[in-house]
Amino acid sequence: MTLMRMSKLFSKTLREVPADAETEGHRLLVRSGMITPIAAGVYAYMPLGLRVLHSIQSIIREEMDREGPDGRAGQELLMPSLVPIEFYERSGRDQTMAEILFRLTDHHDREFALGPTHEEVFVEVFKRNVQSYRDLPLMLYQIATKFRDEPRPRGGLIRLRQFTMKDLYSFDVDEAGLDVSYQMMFDAYVRVFERCGVPVIPALADSGAMGGNDTHEFLYLTEIGEDHCLLCPKCGYAANAEVATFVKESAYADEEAKPLEEIDTPGLTTIEALAEHLGVPKSKTCKAVFYTVTYGDEGGGTREDAVLVAIRGDMDVNESKLKNALGAIEVQYMDEAAVTRAGFVAGSASAVGLEKMKVVADDLVVQERNLVAGANKPDKHLLNVNHDRDWKADIVADIALAADGMSCSNCQTPMDERRGIEMGQVFKLGVKYSEAFEAFFLDAEGQQRPAVMGSYGIGIERLLAAIVEENRDEAGIIWPRQLAPYDVHLVGLQVEKPEVREAAESLVGELESAGLSVLYDDREESPGVKFNDADLLGMPLRVTVSPRNLDKGSVELRLRAGDENELVARDAAVAEIKARLASD
RNA sequence: CGGGGUGUAGCUCAGUCAGGCUAGAGCGCACGGUUCGGGACCGUGAGGUCGGCGGUUCGAAUCCGCCCACCCCGACCA
């Protein structure tokens, strides 16, 4: 359809916004009638909104199908949403993703999940079709609906429970091949976001429940984002706060160890209060934080344990790093009540004298000398606590959270902390799934080897949300030309007058013949209503046909992104319109 | 899952604290008329299980209990 008459258009614009609209972009999408909320994290996509989603998908398909240097390219297919639970049991993700998995049971008590992601299904299908290295490399993808029972959907289209994802999976003979696939997808993603008019930065990320090694997220930087990342203004280092490293300079490593001393600290249960009372910087203290840790075991079950985490008092624990250091499925912060219940002294805890408890220490705190730490007795702390002498960590690792102003580990420049939304992520998975599913191929030497995999996702609705967030003003959406539902918004004023209607209809015909798509406002509404709707809906170019203009033998053009009206001769209208759109 | 909030017409909301006649407004919608370059105006009209169930009461949108949905903060999250 290259023409839509607004008198026939199913969705209508809203003068008032549903109260629960969240971000400005979300408000505009709802007000413009492009999307309609159905349930928490579930939306209906109306005709105009769907056209944009389709345009986004076309761009993504073009970039996925583009041939790489050695001729490899994505091939599109479609996997089911209904996936037998065994698939996820086999990869262990029925456990690691248990909370977000939508499960259902059929009439024969057979269990299924609504696919939250499809590594398992792709690797199974791969296995059935590939036996030889001659078939590799392969890149398979789909654009399909995913289901995730998010504990808390939010931000309009930012965190949905049902959404569309483009997910591509690469299969290579070895790591070197994976590197090629990964780089290809990385480059393709840069092009996709560029073409969609959304600025992103690739940032180092955590692979989390996906498994695997290298991974980058493509972050759209915005105040409404839920991810935190650290950016180095000098060398360009960019990383999600979950994995961001920074320079840790020890402050007291050179001090002579002094004798341990117990002091009274009545009522001092926070690092701030303690440091202030003693007149020392927070960095001179050692903070103890307790976590309940969940590990997966061989049988597919889980077991829990408690750990004490020691970190310098001026820093916070990075739970992702902690989880990775422990090889755990989950770590859960123990609040004061839980700590007390577990028999520890909240506010005066430390690893000193704590037997048979696993202790994880940040790699900085173990270097420092003569720190202040809890005495594990109410209202008592210890001075001059030293690692090795007074306590010993079972695991020493970088588990500190990077924060604004900390120094870049590449170039020592202070980094900026920013918020962002993850638009897409690329993972080097390695052989985790191919081994679990025995997806082997025979190499040139006749050796059986697991395919080396990568996986690459883009959230389509999230991208839509970012596009609107990025391309708007007070009046409405300003679609980038390549994504606009229609090229031209043709407004007929006083269309009940035959001369206006005839002029508008004939111009519509000419525009269609010229290959342009047209949203034609043929409603009998006042000019204000029509202009405001045109601004709200955001087509790149507005063309006004009215008695006033026709009297001058003209029509009027106005770029949505600009603020100038321009009269052009009716006879030259199509050529002028094409020129305006091309230069937009 | 913890904390907070909201649920009354298609939308935005008032009315609930202090129970009382046919439950209201604006916008939208329908019809008629006047208008026509930035969300016009006049008139007429349709539209409601007051989130649900139960209770208290002569009487419940209003008080009590349970439940549900949605939103916000946190936990959580590829």
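What pairs come up if the first residue lies in the range A:179-197 and is outside any helix (DSSP H, G or I), the second is surrounded by fewer than 21 Cβ atoms within 10 Å (Cβ to Cβ) and among the acidic types (Asp, Glu), and their beta carbons are under 7 Å apart, counting only those six or more places apart or on different chains?
Taking only residues 6 or more apart or on different chains, the pairs are A:Gly197/A:Glu470.
List the strands (runs of 3 or more DSSP E) inside the range A:1-115, counting only whole elements, that have at least 1 residues being of a type in the set (Phe, Trp, Tyr) and within 23 Å of the chain's Cα centre (by Cα).
Here the list reads A:42-45, A:102-105.
Being of a type outside the set (A, V, I, L, M, F, W, C), within 12 Å of RNA strand B (Cβ to nearest atom) and touching a strand residue (DSSP E or B) at 6+ places or on another chain (Cβ under 8 Å) is the filter here, so list the residues in the range A:117-154 that pass it.
Result: A:Thr117, A:His118, A:Glu119, A:Glu120, A:Thr145, A:Lys146, A:Arg148, A:Asp149, A:Glu150, A:Arg152, A:Pro153.
For the range A:492-513, which positions are of a type in the set (A, V, I, L, M, F, W, C) and either under 19 Å from A:Arg51 (Cβ atoms) or without any contact (Cβ under 8 Å) to a residue 12 or more places away in the chain (or both)? Show your work before the answer.
Here is the first cut: in the range A:492-513, the ones of a type in the set (A, V, I, L, M, F, W, C) are A:493, A:495, A:500, A:503-504, A:507-508, A:511.
Listed by number, the residues that qualify are A:Val508, A:Leu511.
Tell me, which residue of the range A:326-359 that is surrounded by 13 or more Cβ atoms within 10 Å (Cβ to Cβ) and in a helix (DSSP H, G or I) is modelled with the highest pLDDT?
Out of the qualifying residues, it is A:Leu326.
Among the strands (runs of 3 or more DSSP E) contained in the range A:432-526, which hold 2 or more residues that are among the small types (Gly, Ala, Ser) and either surrounded by 24 or more Cβ atoms within 10 Å (Cβ to Cβ) or away from RNA strand B (no atom under 16 Å from the Cβ) (or both)? Walk me through it before giving the result.
On the way: elements: A:440-442, A:448-450, A:452-459, A:488-492, A:518-521.
Those strands (runs of 3 or more DSSP E) span A:452-459.
Given the options A:Leu230, A:Leu219, name the one that is assigned to a strand (DSSP E or B) and over 12 Å from the mean Cα position of the chain (by Cα).
A:Leu230
Given the condition away from RNA strand B (no atom under 13 Å from the Cβ), of a type in the set (Val, Ile, Thr), closer than 30 Å to A:Tyr189 by Cβ and buried (at least 19 other Cβ atoms within 10 Å of the Cβ), answer yes or no: does some residue in the range A:32-54 qualify?
yes
Of everything in the range A:102-121, what is free of Cβ contacts under 8 Å to residues at least 60 places away in the same chain and under 16 Å from A:Thr164 (Cα atoms)? Give them in sequence order.
Hits for the range A:102-121 are A:Phe102, A:Leu114, A:Gly115, A:Pro116, A:His118.
The values are calculated or read from the model by the stated rules, or taken from the named source; none is laboratory data. Keep in mind the model is a prediction, meaning the values are calculated, not measured. All Cβ positions, glycine included, derive from the backbone under ideal geometry; neighbour counts span all protein chains shown.
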